[in-house]
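To start, the structure itself, in structure tokens.
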Amino acid sequence: MPIKVLAPEVTSRIAAGEVIERPASVVKELIENSLDAGASQIIVEAQGGGAELIKVSDNGEGIPAAKAELAFYRYSTSKITNLDDLGKISSMGFRGEALPSIAAVAEVEVLTKAISENIGRFLYLKHGKVVRQESRSRSQGTTISVSHLFQQFPARRKFLKSESTESSHITHVVNQYALAFPGVKFALFLDHRLNLQTEGDGDLRQVVSKVYGLEVAQEMLDVIGRDALLEVIGLTSPLSLVRSNRSYLSLFVNRRWVYSPLLARAIEQAYHGLLMVGRYPITVINISLLAQEIDVNVHPAKTQVKFHHEQIIFSVVEKTIKGALDRTPIAKLKAVASPDIAWQWSNLEVKDREPVFAAPLLPLKLPVLRVLGQIANTYIIAEGPDGLYIIDQHAAHERILYDKIMAQWAQREVEVQGLLQPVTVELSPKDEEILRANMENLTQFGFVVESFGNRNYLIRSVPLLLGETKITAAIDLLLDTLNNKEDSVPWEEKVAQSLACHSAIKAGQQLSNDEIRELLRQLEQTQQPRTCPHGRPTVIHINSYQLEKDFGRRG
Ligand code: ADP
Ligand code: MG
């Protein structure tokens, strides 16, 4: 499509706004333009945190010489024409705002050559105006250099952080686009030093190795899911690989890098109950769907999308990630070192590749275990087909009881016991409030509680699971758990967690071999034998490879 200025009826519908906030925003817009131009190679260079210079070169289709100046007019774009197009955008850009916004706050040089032309075009712009223009030679593609960003705008320059902070924002942006487009070869130079280089061979795992390192790349699980509406593809970390914040989520919709609380929640939901509180996965996923299924014209920086079918998207993403976690990965392929390419692999070409043993991933299910004994009256030691297993008896029992009570709850058949001797409890004003707020819920779990004034309550029945011991302590723990508003755990899970925790075998309790075997048998049958309901591990596994390595039997 040729570049032209959009008609006013279209521009008035565009969610315009300030797009250039910091050097990384310039990098983002220029990379998007290169991608829209169909580039297969993009080189990004930045100096002085990008405030001094940002230069993006590509081998895309280029801008025809006669249209080069037009590209810097507000609302000039080659990507959409009319209102209809706004509803089905397939390019990264569509507003014709980026180049004029950049040229307004920096000095810009452009060197571009379109496929159809013999010679390239050079433009130099200051204060948004072309001050020099000439023919120059270049191979097909475009280079845009942006220097002295915000120099004429001291107030905005003041808002920039240190060079290293701005550089790290730039790195983040380039990393994200490299992850979104494994088929494009990216290079990033910061102050002349190579910071990132990808192969552009289409292998996402390969890009992950460049961004997060080889070990992470090897451990990541494949994510593949499909539905009539969408396709989800990517990689996600196993439970053994976690981070302490959410910044390791890379979410793309039709390869557009987006901030999406909906997708983030779907992913967290898939890991729910499997990770400790405050632990987050590393996930890279792209959602593909028809352009008509989303609205990308909702945010000035184009970093948000609105899905027309949020529910479906949420559940397919959650299910797909869960599926990835349940799948036992097949033998990993070995990384092959070569001089200029750090490593590469291909599942299709198995020739001269052997399985690697480095940290094999734990399947979620437990293998059959042979009990060796108990240590510190707290941990069970067992042998499995691949090494040694250490099991926390309390955590394991908690998992068993939790699954049991949740299963009963799902059937609305919680087993109840009437107490021969009703137990009286006196509650603090706060606990009384929590009890009253949850009274109906608790009845569904088998608690029959009667008030007899003065914050005194009579407990007539409790879930069978609790046995007859320490009912008062169980109630205390329960009200405490229900009162915890920090996590977003649904109330019934809180009740089940609390009951399981209270009733489970404690650390320090001696168990007979028969009791241990029964405990392991029941643990094996749970859905998530490797974590307790709070997300802490129930099992530590030291595999044969690790043992051999630690004893120096293997290099
Ligand atoms: P938009 O991307 O929304 O169209 P921009 O201001 O970012 O608006 O770019 C304006 C136009 O300049 C684009 O529509 C495109 O035609 C052209 N252009 C910009 N960068 C490049 C590039 N790297 N290669 C080819 N064409 C480009
Ligand atoms: Mg653009």
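The values are calculated or read from the model by the stated rules, or taken from the named source; none is laboratory data. Just so you know, these numbers come straight off a predicted model, no measurement behind them. Reconstructed Cβ throughout: ideal geometry from the backbone, glycine too, with neighbour counts over all protein chains shown. Surface accessibility is based on the protein's heavy atoms, side chains included, excluding ligands, DNA and RNA. Shrake-Rupley method; radii C 1.70, N 1.55, O 1.52, S 1.80 Å.
Summary table
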read-out: Rounded, prolate or oblate (a/c below 1.5 giving rounded, otherwise prolate when a/b exceeds b/c) for the stretch 8-197 by Cα gyration tensor; value: rounded
read-out: Positive-pole candidate from L83, S34, L235, dipole of the chain, charges at beta carbon; value: S34
read-out: Long-range HN-HN contacts of T378 with modeled amide H, under 5 Å; value: G508
read-out: Residue-normalised accessible area of the chain, expressed per residue, 1.4 Å probe, Å²; value: 49
read-out: In sequence order, calculated HN-Hα J values of the stretch 170-179 (Karplus, 6.51, -1.76, 1.60; Hz; x Gly/Pro); value: 5, 4, 4, 4, 5, 4, 5, 5, 5, 5
read-out: Cut-off 15 Å between beta-carbons: net charge of the residues surrounding N245, Lys and Arg +1, Asp and Glu -1; value: +2
read-out: Local electrostatic count, V207, Cβ distance below 11 Å [Lys/Arg +1, Asp/Glu -1]; value: 0
read-out: Local electrostatic count at S91 - Lys and Arg +1, Asp and Glu -1, tallied over other residues with Cβ under 9 Å; value: -1
read-out: Cα long-axis angle, helix 471-483 against the chain (0 to 90 degrees, to the nearest 10); value: 10
read-out: Qualifying aspartates and glutamates (Cα of each under 16 Å from Cα of K430; at least 8 residues distant if same chain); value: D476, D480
read-out: Label-point separation, H148 to L290 (7 Å along Cα→Cβ), nm; value: 5.1
read-out: Crossing angle, helix 393-410 versus the chain [Cα axis fit, 0-90 degrees, rounded to tens]; value: 80
read-out: Helical mean residue ellipticity (222 nm; -39500 (n - 2.57) per DSSP H run of 4+; nearest 500) of the chain; value: -9500 deg cm²/dmol
read-out: Long-range HN-HN contacts of C532 with modeled amide H, under 5 Å; value: T538
read-out: Whole-percent carbon and sulfur share, accessible surface of the stretch 432-555, 1.4 Å; value: 46
read-out: Within the accessible area of the stretch 53-204 (1.4 Å probe), percent carbon and sulfur; value: 50
read-out: The stretch 370-540, relative contact order [Cα under 8 Å, separation at least 6], %; value: 34
read-out: Dipole axis of the chain (+1 Lys, Arg; -1 Asp, Glu on Cβ), positive-most option in L427, G48, F122; value: F122
read-out: Relative contact order [Cα under 8 Å, 6+ residues apart], the chain, whole percent; value: 11
read-out: Interchain or long-range residues, amide H under 5 Å from R95's placed H; value: none
read-out: ³J(HN,Hα), Karplus 6.51/-1.76/1.60, whole Hz, each residue of the stretch 449-456, x for Gly, Pro; value: 10, 10, 8, 10, x, 6, 6, 9
read-out: Cα-centred dipole magnitude for the chain, charges only on beta-carbon of K, R (+1) and D, E (-1), debye, nearest 20; value: 1360
read-out: Added length on full extension, which subtracts the Cα-Cα distance from 0.36 nm per residue, E440 to L419; value: 5.6 nm
read-out: Out-of-range pairs (alpha-carbon distance over 26 Å; input K126/K185; K28/K161; K4/K129; K365/K470; K79/K306; K113/K161); value: K126/K185; K365/K470; K113/K161
read-out: Cα long-axis angle, helix 261-271 against the chain (0 to 90 degrees, to the nearest 10); value: 40
